[in-house]
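Heads up, the thing below is written out as structure tokens.
No value in this document is a laboratory result; all are computed from the given coordinates. In this text, all values refer to a predicted model and were calculated from it rather than measured experimentally. Backbone-built Cβ (ideal geometry, glycine too); neighbour counts: all protein chains shown.
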Amino acid sequence: MSIQRVDFLSEDTLLLENDVIVVVQPRKGSSWYASVFLVVNAALGAGLLNFPDAYQQAGGVLIAVLIQAVLLVFVVCAIMILAYCSDIDKTLTYQDVVESVCGKNAQRLCAFTIMTYCFGTCITFLIIIGDQWEEFFLFAAHDWYCTYSPWYMDRATSICVSSILLVLPMCFPKRIDFLKYASFIGVLGILYVVALVTIKYFLPHPEPGPIAVKPVQWEDVFLVVPTICFSYQCHVSIIPIYSCMEKRCLKEFSKTVAVAMFLCILNYTGTAAFGYLTFGNLITTDILLSYDPDISVIIAVLLIAIKTYTTYPILLFCGRAAFDCLWTDIFKMSPDRVEETEFKRRIIVTIIWFILTLALAVFIPNIGVVIQILGAFAAIFIFIFPGMCVVSAVQEKVQVQGYWTTKLTAITAFACFFIVLGTFIFGLTLSQSIIKDEHGVKGDKSRYTC
């Protein structure tokens, strides 16, 4: 008789199986409140800087807040749908949830979409890092920076050096809950920015530009949708976070989601409303670049950079998992072979991913259009795939019990509405972003320039 130790769920248990005593030990993981910081750090990011400009485009604060409130219902519903579906087979990633309910082909499509989205988002994060360092150098060494433009203060250099030192080391771990402590620091940085924007509104400031109270054209109300979708899109990260919880159950997870969404709403709405009312139509796509730099603004600039350093690895983790899914599927790798080559594959993919996003970030100067396009893709994760999961789950239940009920019919109708709405938002916002790009976008011009 032998004794083996196995990590499992929550309580210590002794199992006797084939003359082997298996000691089932508590599974280590994140508490529900520690998971809050992972969710908030995944959701709060580049969208915060772009939110005030989105309010301007949509036609003012009231219109934008109403649209945000409606979309948040779907955002939260989608999160809980994904968590419920992930419990069916105890899946660990978004694409595996889709496979467990919708099949292999849906998983492949999902994995490719996630990989594309995460790749674009990682580029955006590095662009933001460059913007923040440029603002810092303009404040700290304005004359030297403008006169001599030393290479070590160049935007490309600051992105590359700081990212290699601060981002890359956090991108290699196998489990996402490794980042929970770094996420706490990132959330504190975001709270400082929200407080700054709010306080600056109530302090004396220059007269704002014209403030919109209604959209110029009715379809302009949808211009805020991609920013909202991009900003609240934590769905790709939500399943890895859920799978790493110490008590993996919907009751515990619902507390995580409730607190995380409350913090996100508070931060996004406060920053967007007070930021937009401070500057009116003079607002830039990066709110911090609208302010005259002083020490409080520069601290916010550095904190946003630090926050971005802690969020990039979360998106890389999800994108790497999606790529891994496609790679092992294409080459028909056995489970043993997948496990055997996991470490080597993880290191190589992480380094290649990092180098490619770094190179592209150096040559893309503005986050506005990028966020518009990524917001369109975010609608797929918030609406379309969760809707597909519900439809497939209902069909499977009908096949088991052999008949439809009124409840199942209502759930199916709701899921179909999810899919139709997501398709509409994806098509409309992607078209708007392309048109906006063709007509040119407003640059992020700092008030403090050379």
Exercise. How many times 2.2 N^0.38 Å is the alpha carbon radius of gyration of segment 250-331?
Worked result: 1.57
Problem set entry | Extension gain, Leu66 back to Gln217 (0.36 nm per residue minus Cα-Cα distance, nm) | 52.7 nm
Exercise. Which distance in nm do the two modelled labels at Ile185 and Phe424 give, with both placed 7 Å along the Cα-to-Cβ direction?
Worked result: 4.4
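Let me check I've understood the local charge: for Arg337, count other residues with C-beta under 13 angstrom from its C-beta, Lys and Arg +1, Asp and Glu -1. What total comes out?
-3
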For this session: Sticking with the crude label model, points 7 Å out along Cα→Cβ, report the distance from Ile295 to Leu356 in nm, one decimal please.
Result: 4.5
Exercise. Antiparallel DSSP bridges in the chain: what percent, to the nearest 5?
Worked result: 40
For this session: Based solely on C-alpha atoms, express the radius of gyration and the Dmax of segment 290-404 in angstrom.
Result: 20.9, 68
Exercise. Using alpha-carbon positions, what is the distance between the centroids of segment 157-201 and segment 97-124, in Å?
Worked result: 24
Exercise. Residue separation times 0.36 nm, minus the C-alpha to C-alpha distance between Ala140 and Gln399: what's the value?
Worked result: 86.5 nm
Exercise. Check Met245: other-chain or 5+ apart residues with amide H under 5 Å from its amide H, H built from backbone geometry?
Worked result: Ser30
Seminar exercise, completed: Log entry: pair-distance distribution for the chain, C-alpha pairs binned every 20 Å from zero, whole % per bin is 24, 55, 18, 2, 0
Exercise. Relative to the present Cα-Cα distance, how much length would full extension add between Lys104 and Trp327 at 0.36 nm per residue of separation?
Worked result: 78.9 nm
Exercise. What is the chain's relative contact order, in percent, from Cα pairs under 8 angstrom and six or more apart in sequence?
Worked result: 30
Exercise. To the nearest 0.05, what FRET efficiency results for Lys255 and Ser431 with a Förster distance of 35 Å applied to their C-beta separation?
Worked result: 0.35
Problem set entry | FRET efficiency estimate (nearest 0.05) - Cβ-Cβ, Leu302 to Ile347, R0 30 angstrom | 0.50
Exercise. Picking from Ile190, Ile295, Ile123, which is most flexible by a Gaussian network model of the chain using Cα springs under 10 Å?
Worked result: Ile295
